[in-house]
Amino acid sequence: MTEPESQPLSAASLCLTRCVPCEGGVPRMTLKEADEQLKELSGWELLSGPDRIKKSWTVKNFLAGLEFFQSVATVAEAEAHHPDLHLVGYRKLTIEIWTHAVQGLSLNDFILAARIDQLPIRLK
C-alpha cells in the first residue's frame, strides 16, 4: 500500500508555515510534487532535476535591488534557510532556492519563496 500524496499548500498557507531545520534524512520532492507545489507560487520556475526554484525581477535601480536583497536576507536568516542571490547589470535580480542538505527541493524552499513574494520591491 502506498502513502497518499500530500496536497500542495497555497501561497497563503506557505506564508503561515515555518521552515523546519533540515540536516538531511528528509526525502527530496519528486518532480510531480515540486510541479504541483510550484503552481501555488507566481513567477517561480523549476530548474533541472528538480533541484531548485528560481525567480527573476528587474528593479527600478541598483539601490532598489540592494534594499530588496536586505529584506530577503532578514527573512532567510529568520527561517535559517538561505537562498542564492544574484544582482547583474545593476537592476536584474535572480533568486535561487533549494535545500542543500537533500541536494534538491523540500517544502522549506516553497515556504521561503512564498515569504519572499510578500516583500516590497521597487520594480522598473
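The values are calculated or read from the model by the stated rules, or taken from the named source; none is laboratory data. Here the structure is a predicted model, which is why all the values come from computation and not from measurement. Glycine also receives a Cβ, built like all others from the backbone with ideal geometry; neighbour counts cover every protein chain displayed.
Since Lys124 meets every condition but one in (1) free of Cβ contacts under 8 Å to residues at least 60 places away in the same chain; (2) of a type in the set (Lys, Arg); (3) more than 21 Å from Gln7 (Cα to Cα), which condition does it not meet?
In the conditions (1) free of Cβ contacts under 8 Å to residues at least 60 places away in the same chain; (2) of a type in the set (Lys, Arg); (3) more than 21 Å from Gln7 (Cα to Cα), Lys124 misses (1) alone.
What about Trp98, is it in contact with a Ser or Thr (Cβ under 9 Å, 6 or more places away or on another chain) and in contact (Cβ under 8 Å) with a residue 60 or more places away in the chain?
Judged against the criteria, Trp98 is not a match.
Go through region 58-77 and count every residue that is out of contact with any helix residue (DSSP H, G or I) (no Cβ under 6 Å at 6 or more places or on another chain) and either under 14 Å from Lys124 (Cβ atoms) or at pLDDT below 95 (or both).
So the count comes out to 8.
Filter region 23-77 for residues that are outside any helix (DSSP H, G or I), of a type in the set (Lys, Arg) and out of contact with any Phe, Trp or Tyr (no Cβ under 6 Å at 6 or more places or on another chain) and give the result.
Passing the criteria: Arg28, Lys39, Lys54, Lys60.
Hey, does region 36-52 have a residue that's within 14 Å of Phe110 (Cα to Cα), modelled with pLDDT under 90, surrounded by 13 or more Cβ atoms within 10 Å (Cβ to Cβ) and not aliphatic (A, V, I, L, M)?
Step one: of region 36-52, the residues within 14 Å of Phe110 (Cα to Cα) are 36-47, 50-52.
Subsequent filtering for residues that are modelled with pLDDT under 90 retains 50.
Within this subset, residues satisfying the condition of being surrounded by 13 or more Cβ atoms within 10 Å (Cβ to Cβ) are 50.
After this cut, where a residue has to be not aliphatic (A, V, I, L, M) as well, the list is 50.
Yes: one or more hits.
Looking at region 78-99, which of the residues that are assigned to a loop (DSSP other than H, G, I, E, B), crowded, with 20+ Cβ neighbours inside 10 Å and not aromatic (Phe, Trp, Tyr) is modelled with the highest pLDDT?
The selected residue is Pro83.
Which of (1) surrounded by fewer than 20 Cβ atoms within 10 Å (Cβ to Cβ); (2) at pLDDT 95 or above; (3) in contact with a Lys or Arg (Cβ under 7 Å, 6 or more places away or on another chain); (4) under 19 Å from Arg18 (Cβ atoms) does Val102 not meet, given it meets every other one?
It is condition (2) that Val102 fails.
Test Arg115 against the stated conditions and say whether it is out of contact with any Lys or Arg (no Cβ under 6 Å at 6 or more places or on another chain), charged (D, E, K, R) and at pLDDT 95 or above.
yes
If I filter region 108-120 for residues that are more than 13 Å from Leu14 (Cβ to Cβ) and either in a loop (DSSP other than H, G, I, E, B) or in contact with a strand residue (DSSP E or B) (Cβ under 7 Å, 6 or more places away or on another chain) (or both), do I get at least one hit?
Yes, region 108-120 has at least one match.
With the structure loaded, tell me whether Thr74 is farther than 20 Å from Leu14 by Cα and surrounded by fewer than 17 Cβ atoms within 10 Å (Cβ to Cβ) or whether it fails that test.
no
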